[in-house]
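The structure appears below as structure tokens.
The values are calculated or read from the model by the stated rules, or taken from the named source; none is laboratory data. Quick caveat, the model's predicted, so the values are computed rather than measured. Every residue, glycine as well, gets a Cβ built from its backbone with ideal geometry; the counts of neighbours run over all protein chains shown.
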Amino acid sequence: MSSIADQVPERLSVFPAFFRVSGRRVVICGNGDEAFAKARLVANTDAEIVPLTDAPEADYAAWLSARGIAPVETDLASDMLVLAVLRTAVLVFAATGNHGDDQRIVALARALKIPANAVDQPEHCDFLTPALVNRAPVAIAIGTEGAGPVLSQMIRARIDQMLSPSLGRLASLAADYRGAVDRMVPRGVSRRIFWRRFFSGDIADAVDAHDMASARRAANALLSTTGTAGGKVEGKIWLVGAGPGAEDLLTLRAQRVLMEADAIVYDALVPQAIVDMGRRDAERLSVGKRKNCHSKSQDEINRLLVDLGREGKCVVRLKSGDPLVYGRAGEEMAALREAGIAYEVVPGITSAFAAAADFDLPLTLRGVASSLIFTTGHDLTGKALPDWASLAVSGATIAVYMGRTVAASVAGRLMDAGLSADTTVAVIENASRADRKLFHGILSELPDLEARDDLDGPVMVIIGEAVAGANFAKSEPLSAFRADQGVRQYLPKTAGVDQ
């Protein structure tokens, strides 16, 4: 049982804050790479950079000259001369490359009650410099209290990729509208909805496209519909592909809209970790559908999306894989169009692609397979053979979704159509996830798949000559599993076909 002390959250030893430096002097003491790095960092602001240096290295001197910054050539060893320059500073960086000199400069700054930073000496810093993501006026600072500067840079790189380059322009546009919003839009939910709409959708898209005139027209229209004299806010539905299951295969756009959603409507196959990427206060509604276990019918899901849209909510309809591949998105889009609810499709990585990646499997292969078929296999169970079956015989790769329960009928009908019983197959359960299972074999072994009780996750079956190019070192042979008289066991990897 944990104690009360164990439940206390970790505390920072620094307080994150932003200094106002516009038009004020930031002194950087040093000649080399350390001083140059701090100067580049401060150049992200409109502070006045004051380089205190007696012999700047060539790259640093060229950079300063290119920006019209005149260095203050002062003997860094003279406390009196250094103090004369520091008196006008708001911040001081000691970046001489010599720990003793840096500590001495910090002591001089502290005597003047000016915050100072000794580069690479956290214990001699009044403030620490973060890794910075700059989308002025938006700034994101990442710090590790000096414990891991490389980690800060890695995090910065990931955040930098996530944020649109136009985010700063969007924030500046928002500042222009803040006064009008304060006057016209009531505080609380209405205002919160207004700003969510402002920072997404048509306005953000126009800013992204550098079309500020269209962005302002869209902002004016939004203001008129959410102001005190305006009408009701319109909702929007995003049909979002959650991918095959691995959280890091979610697209950046999907991640963004999850953070903007008022409600998240998700299927059973979507991992909870992805659902949890949404806003903490977003409503979460499970409409999970598994074989023979539907929590809501498709008509009920359609009505739910329409109702949420009419309430003025931003809704993410989160689907496993890609919403347009066996996701029944067509029915939902039709219902939304009929109701006049705006929607947008955010593609996701479909399971066939993730399964092929797990296997290092080429879905198309020059000279072997030039076409790819997606199917659930259910259209092979009727009397008429689908047109694409002939393509399979001629070399197309077939990706069978939900493949375990139809494996026997798929294999039988394809062999009846003329596909060789020795055609290579790959079977993947839980594609892309940490608990995935990979198997390989031939078409005639597929019917045994339905008898396996060790597979309870989504199964993808890939069939075709191109499958022979996969990396089978990652997988188990289908023939290694044996079912005799209801007893199922694994044979050693060295075993061949069943005896």
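In the stretch 363-383, which residues are modelled with pLDDT of 80 or more and surrounded by fewer than 17 Cβ atoms within 10 Å (Cβ to Cβ)?
Thr364, Arg366, Gly367, Val368, Ser370, Ser371, Phe374, Thr376
Taking the criterion of being in a helix (DSSP H, G or I) and touching a Phe, Trp or Tyr at 6+ places or on another chain (Cβ under 8 Å), the residues of the stretch 167-185 that qualify are Leu170, Ala174, Tyr177, Val181.
Among the numbered conditions (1) surrounded by fewer than 20 Cβ atoms within 10 Å (Cβ to Cβ); (2) closer than 25 Å to Pro122 by Cα, the only one that Tyr60 does not meet is (1). Of the candidates Arg178, Arg191, Arg217, the single residue that is surrounded by 14 or more Cβ atoms within 10 Å (Cβ to Cβ), of a type in the set (Lys, Arg), over 21 Å from the mean Cα position of the chain (by Cα) and at pLDDT 90 or above is Arg217. All of (1) in a loop (DSSP other than H, G, I, E, B); (2) surrounded by 14 or more Cβ atoms within 10 Å (Cβ to Cβ) hold for Leu336 with one exception: (1).
Rundown of residues vs (1) over 17 Å from the mean Cα position of the chain (by Cα); (2) modelled with pLDDT under 95; (3) not small (Gly, Ala, Ser), yes/no style:
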site	(1), (2), (3)
Gly230	yes, yes, no
Val233	yes, yes, yes
Glu247	no, yes, yes
Leu250	no, yes, yes
Met259	no, yes, yes
Ile264	no, no, yes
Asp267	yes, yes, yes
Gly278	no, yes, no
Asp281	yes, yes, yes
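Kindly indicate whether Val138 is touching a helix residue (DSSP H, G or I) at 6+ places or on another chain (Cβ under 9 Å) and crowded, with 16+ Cβ neighbours inside 10 Å. In short, no. Taken over the stretch 186-219, the criterion of being part of a loop (DSSP other than H, G, I, E, B) and either at positive phi or of a type in the set (A, V, I, L, M) (or both) is satisfied by Gly188, Ala209, His210.
Quick grid of which residues meet (1) touching a helix residue (DSSP H, G or I) at 6+ places or on another chain (Cβ under 8 Å); (2) touching a residue at least 60 places away in the same chain (Cβ under 8 Å):
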{"residue": "Ile142", "(1), (2)": "yes, no"}
{"residue": "Gly148", "(1), (2)": "no, no"}
{"residue": "Gln153", "(1), (2)": "no, no"}
{"residue": "Arg156", "(1), (2)": "no, no"}
{"residue": "Gln161", "(1), (2)": "yes, yes"}
{"residue": "Asp176", "(1), (2)": "no, no"}
{"residue": "Ala180", "(1), (2)": "yes, no"}
